[in-house]
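Undergrad: One structure is given below, represented as structure tokens, and several questions about it will come after.
The values are calculated or read from the model by the stated rules, or taken from the named source; none is laboratory data. All of these numbers come straight from a predicted model, not from anything done at the bench. A quick note on method: Cβ atoms are made from the backbone with ideal geometry, for glycine too, and the neighbour counts reach across all protein chains shown. The area values use the complete protein model at the heavy-atom level, side chains included, leaving out ligands, DNA and RNA. Shrake-Rupley method; radii C 1.70, N 1.55, O 1.52, S 1.80 Å.
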Amino acid sequence: MSDWLFDLGNSRFKAASWRGDGGIGEVLAWPHGADALVAGDASHGPLPRGRRAWLASVAAPALTTQVLALLRERFEQVHVAHTLAECAGVRVAYAQPARLGVDRFLALLGAHAGGGDVLVAGVGTALTIDLLDVDGRHHGGRIAASPTVMRQALHQRAVQLPAAGGHYREFADDTDDALASGCDGAAVALVERSLQQAAGLLGRIPALLLHGGGAEPLLPLLPQATLRPALVLEGLAAWARERHAADVPVRG
């Protein structure tokens with residue numbers, strides 16, 4: 001029976017098998033998030049079954065509890081990841097490590113496994129940016145609204161502004177493109193400033209990794225970036241290796 005890794009976000013739910021060599025298998029994704037699964041919708045495939053499940057969640061506590069119940073029906077053991085001050089060679093900058101979101105923490109673990117200085121940008125509900133040096137020292141980061149959330153917020157305050165659509169242009173000549181250009185451009189500008197500041201702090205330019213459901217549209221605007229869509233799951237595999245003991249308590 002295999003072990004599985006699960007990444008429960010605010011809007012996406014992903015999973016991958018944890019291979020014997022420590023890597024991860026093909027990533028599965030439920031496009032409507034975990035809510036549909038909880039409601040009994042298996043149109044995009046049922047949850048896997050296996051020996052151990054490792055869950056990382058930044059979703060609301062109620063949904064996390066429901067997903068845990070589903071996993072406990074299908075796995076002999078269920079372990080929930082949480083942020084640690086030090087893990088897999090990474091040392092968190094926060095004085096209170098528990099306040100660093102577990103998705104950001106695991107992304108750092110996944111990034112550190114590749115070596116080198118790295119700026120990690122996660123584009124999901126939020127845009128998160130974290131700097132990690134080659135020695136595994138986390139220098140802190142930023143949190144902002146993602147381009148998707150910016151569009152939704154503008155639409156909520158001014159319904160005549162569409163919540164989606166348009167294409168990036170440096171100087172747009174219609175509203176849809178202007179909105180896409182402004183919101184995507186704001187995210188790109190924050191990433192680029194963070195790279196600039198990171199280079200000044202470290203004395204060298206870090207690699208740039210992008211992950212998250214909203215990362216791919218930003219790639220053409222950040223040609224130096226590498227897309228790592230499964231970075232949180234990769235980090236969860238690293239966390240699981242460190243916490244491999246079967247008696248790790250379940251939290252959540």
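Undergrad: How many residues are open to solvent by 60 Å² or more (accessible area, probe 1.4 Å) and either modelled with pLDDT of 90 or more or within 26 Å of Arg104 (Cβ to Cβ) (or both) when one looks only at segment 42-59?
TA: 2
Undergrad: Now, a different point. Residue by residue through segment 68-85, note down the ones that are farther than 24 Å from Gly22 by Cα and open to solvent by less than 60 Å² (accessible area, probe 1.4 Å). Lay out the reasoning, then the answer.
TA: Taking segment 68-85 as the starting set, the residues that turn out to be farther than 24 Å from Gly22 by Cα are 69-70, 73.
Correct list: Ala69, Leu70.
Undergrad: Do you know which residues across segment 73-92 are under 18 Å from the mean Cα position of the chain (by Cα) and within 20 Å of Leu37 (Cα to Cα)?
TA: Answer for segment 73-92, where residues must be under 18 Å from the mean Cα position of the chain (by Cα) and within 20 Å of Leu37 (Cα to Cα): just Val80.
Undergrad: For segment 163-177, enumerate the residues that are among the hydrophobic types (A, V, I, L, M, F, W, C) and open to solvent by less than 50 Å² (accessible area, probe 1.4 Å). Explain how you work it out, then say what you get.
TA: Within segment 163-177, the first condition is being among the hydrophobic types (A, V, I, L, M, F, W, C), and the residues that meet it are 163-164, 171-172.
Scanning segment 163-177 gives Ala163, Ala172.
Undergrad: Consider Ala39 carefully, then state whether it is open to solvent by 60 Å² or more (accessible area, probe 1.4 Å), at pLDDT 90 or above and not hydroxyl-bearing (Ser, Thr, Tyr).
TA: Numbers: open to solvent by 60 Å² or more (accessible area, probe 1.4 Å): yes; at pLDDT 90 or above: no; not hydroxyl-bearing (Ser, Thr, Tyr): yes.
Against the criterion (open to solvent by 60 Å² or more (accessible area, probe 1.4 Å), at pLDDT 90 or above and not hydroxyl-bearing (Ser, Thr, Tyr)), Ala39 does not qualify.
Undergrad: If a residue must be over 11 Å from Leu202 (Cβ atoms) and surrounded by 16 or more Cβ atoms within 10 Å (Cβ to Cβ), how many such residues does segment 128-141 contain? Step through it out loud before you land on a result.
TA: Taking segment 128-141 as the starting set, the residues that turn out to be over 11 Å from Leu202 (Cβ atoms) are 128-130, 136, 138, 140-141.
Remaining after also requiring surrounded by 16 or more Cβ atoms within 10 Å (Cβ to Cβ): 128-130, 136, 138, 141.
Matching residues across segment 128-141 total 6.
Undergrad: Which of (1) open to solvent by 60 Å² or more (accessible area, probe 1.4 Å); (2) closer than 30 Å to Ser194 by Cβ; (3) out of contact with any strand residue (DSSP E or B) (no Cβ under 8 Å at 6 or more places or on another chain) does Arg91 not meet, given it meets every other one?
TA: (3)
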